[in-house]
Amino acid sequence: MSSTIPTTSGTQPLDPYKAKSLDDDLPLAQKITDLSTFITEQKFGMLTTKSSDDDLLTSRCMALAGKERGDTTLIFHTNLFSHKTMDLTAHPTETNMSFLDPISGSWASISGTASIVADKETVKKYYSPALQAWLGDLGDGVHDGGPEDPRIGVIKLEAKTAVYAVSRKGVIGRAVETVKSVARGDVPAVNSIREVGRGEFDECKFLFFPLGVGLVVVPD
């Protein structure tokens, strides 16, 4: 079976929603900065991994703990003895993180390569006392959910590709535009879809101002 599918019927796109919504002329810097802003605001998303036991996929809710390399590497906490850690160790390149704003309808899907980091310096850097609620205290003076707990590790997801949609209108505006589009036999242009392709995350170097007051993107 062919890995490609037709995209047009005559002169008309077969996926008119994407054709009308895709913003493919935006500067790369803006695409990455807007993506970073969105996932920071949402914080919670779904991490999808390929099982270490079979070919099935599993998704888990995760909280964003930080970002590195100019916001192109996402940071999450993990229990080093959990199944998701096993999944990511066995299949590091088959990883996806998705985010959704249910109010605006904006969403993001980021695919990349995951690595598990267990060194104490990194763990302490991103440690949060909230982890104690998920790890518990085993009462042995070691596994207590604190920053020295040997169960705590960090997931680093290096983004390779991304697609995301930014809502162009509010709830009422989207509803009105949808009704108008149905009446016209058209599709509504309520979202701005952006794609970050392979290699684009590596095309920019990010420089942060002191005290986090801004972000400058300098293309290579």
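Things worth noting here:
- Here is the list for segment 38-120: chymotrypsin sites (Phe, Trp or Tyr not before Pro) lying in DSSP coil, each with at most 13 other C-beta atoms within 10 angstrom of its C-beta, are Phe81.
- Under the criterion of Cα pairs below 8 Å and six or more residues apart, the relative contact order for segment 17-199 equals 24 percent.
- Sorted peptide list for 62-69, 152-159, 131-138, criterion being average Cβ within 10 angstrom, highest first: 152-159, 62-69, 131-138
- Cα centroid of segment 66-82 to Cα centroid of segment 108-148, whole Å: 10
- Normalised contact order of segment 27-130, rounded percent, pairs of Cα under 8 Å and 6 or more residues apart: 24
- Of Lys18/Lys156; Lys43/Lys120; Lys67/Lys124; Lys50/Lys124; Lys67/Lys156; Lys18/Lys43, those spanning more than 20 Å from alpha-carbon to alpha-carbon: Lys18/Lys156; Lys43/Lys120; Lys50/Lys124; Lys18/Lys43
- For segment 17-199, alpha-carbon Rg relative to the globular expectation (2.2 N^0.38 Å, N residues): 1.21
- Across segment 119-132, rounded Karplus estimates of 3J(HN,Hα) from the backbone phi angles (6.51 cos²θ - 1.76 cosθ + 1.60, θ = phi - 60°) give 5, 4, 4, 5, 4, 5, 4, 9, 4, 10, x, 4, 5, 4 Hz, Gly and Pro being marked x.
- Cβ-based exposure ranking for Arg194, Arg60, in which fewest neighbours within 10 Å come first: Arg60, Arg194
- Compared with the alpha-carbon gap, the fully stretched path from Asp119 to Asn79 is longer by 13.1 nm at 0.36 nm per residue.
- As a rough footprinting exposure proxy, the listed residues Thr95, Thr4, Thr58 were ranked by other beta carbons within 10 Å of their own, and the order from fewest upward is Thr4, Thr58, Thr95.
Where a number appears in this text, it was derived from the coordinates with a stated rule and is not lab data. All values reported here derive from a predicted model rather than from experimental measurement. Virtual Cβ from ideal backbone geometry, glycine too; neighbours counted across all protein chains shown.
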